[in-house]
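S.K.: The structure is given below, and queries will be raised subsequently.
The values are calculated or read from the model by the stated rules, or taken from the named source; none is laboratory data. The model shown is predicted, which means the values in this text are computed figures rather than measured ones. Don't worry about glycine lacking a Cβ; one is built from the backbone with ideal geometry, like all the others, and counts go over all protein chains shown. Ligands, DNA and RNA are stripped out before the accessible areas are found, and what is left, the full protein with its side chains, is counted by its heavy atoms. Shrake-Rupley method; radii C 1.70, N 1.55, O 1.52, S 1.80 Å.
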Amino acid sequence: MSKKTKEIEDVRRTFGVSKFWARNSITNVAEIRAYAEEEMSEDLLFDGRYPFKVLYDDNSVSDETKVDKLPVAVVLSPRYALKLVKPEDYKRFRRPYKEAIALAQEDVLGRKATAGSREFWKILVNMNFYELKKLRLQMKHLGSQPLGDCCWIADEQAGDYAWRASFNDRALATCRKCYLNEVWFVIEL
């Protein structure tokens with residue numbers, strides 16, 4: 001592996017730079033590092049507003065910060081929200097398929113949560129790198145564990161396989177049910 005390739009991989013590991021960047025289109029590693037550092041230090045709030053709306057504990061939805069309210073979920077469409085998960089609770093959400101799906105069946109503010117349908121996760125895996133980065137930064141800013149690389153989908157397949165969303169591959173794929181993947185609570189609004 002050349003020195004330049006190692007430097008590019010280091011930038012990708014450090015800043016989560018999309019692996020889909022073509023190696024031959026990157027001519028100046030220092031320029032890419034500066035761009036990634038600037039993107040990470042960007043203020044998440046734009047004119048005091050979040051990039052994605054937030055569902056608060058009083059069932060209100062707003063893209064503004066509310067100091068007196070507890071954020072519960074990030075609203076990703078008029079129909080769906082993704083529940084925030086405390087970083088200390090994160091390990092309990094990495095489970096084999098059956099355990100994960102059972103765990104995701106929870107009431108959140110009087111609404112039934114699920115692990116989310118393929119329809120929902122397809123929207124997220126098709127987000128561009130910048131939108132996904134903003135979502136993860138907002139989740140972290142709200143005190144949540146950010147969305148990882150792979151998570152289970154509620155839609156089951158026959159036999160030993162189930163669906164999962166893979167953000168690195170930008171695809172919905174099948175995976176053996178015995179493997180550990182994240183599960184996220186998707187709330188239908």
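S.K.: When you scan region 69-92, how many residues do you find that are touching a residue at least 24 places away in the same chain (Cβ under 8 Å) and either assigned to a loop (DSSP other than H, G, I, E, B) or open to solvent by less than 30 Å² (accessible area, probe 1.4 Å) (or both)?
M.R.: Of the residues in region 69-92, 14 are touching a residue at least 24 places away in the same chain (Cβ under 8 Å) and either assigned to a loop (DSSP other than H, G, I, E, B) or open to solvent by less than 30 Å² (accessible area, probe 1.4 Å) (or both).
S.K.: Please enumerate the residues belonging to region 144-173 that are touching a residue at least 60 places away in the same chain (Cβ under 8 Å) and either more than 18 Å from L82 (Cα to Cα) or open to solvent by 30 Å² or more (accessible area, probe 1.4 Å) (or both).
M.R.: Passing the criteria: Q145, A162, N168, R170.
S.K.: Shifting gears a bit: Here are some residues: K66, K53. Which one is without any contact (Cβ under 8 Å) to a residue 60 or more places away in the chain, assigned to a strand (DSSP E or B), open to solvent by 60 Å² or more (accessible area, probe 1.4 Å) and more than 22 Å from S166 (Cβ to Cβ)?
M.R.: Details: K66 fails: assigned to a strand (DSSP E or B).
Only one candidate qualifies: K53.
S.K.: Exactly one of these conditions fails for K98: (1) closer than 14 Å to N181 by Cα; (2) within 17 Å of the chain's Cα centre (by Cα); (3) of a type in the set (K, R). Give me its number.
M.R.: Condition (2) is where K98 drops out.
S.K.: Same structure, new question: Just to be sure I understand, how many residues within region 93-121 are of a type in the set (D, E, K, R) and outside any helix (DSSP H, G or I)?
M.R.: Summing the residues that are of a type in the set (D, E, K, R) and outside any helix (DSSP H, G or I) in region 93-121 gives 6.
S.K.: From the list L137, L132, L124, which one is surrounded by 17 or more Cβ atoms within 10 Å (Cβ to Cβ), free of Cβ contacts under 8 Å to residues at least 40 places away in the same chain and part of a helix (DSSP H, G or I)?
M.R.: L132
S.K.: Can you name every residue in region 93-113 that is at pLDDT below 90 and surrounded by fewer than 13 Cβ atoms within 10 Å (Cβ to Cβ)?
M.R.: Q105, D107, G110, K112
S.K.: Looking for something under 25 Å from K66 (Cβ atoms), modelled with pLDDT of 90 or more and assigned to a loop (DSSP other than H, G, I, E, B) - is there at least one such residue anywhere in region 154-162?
M.R.: No: zero hits.
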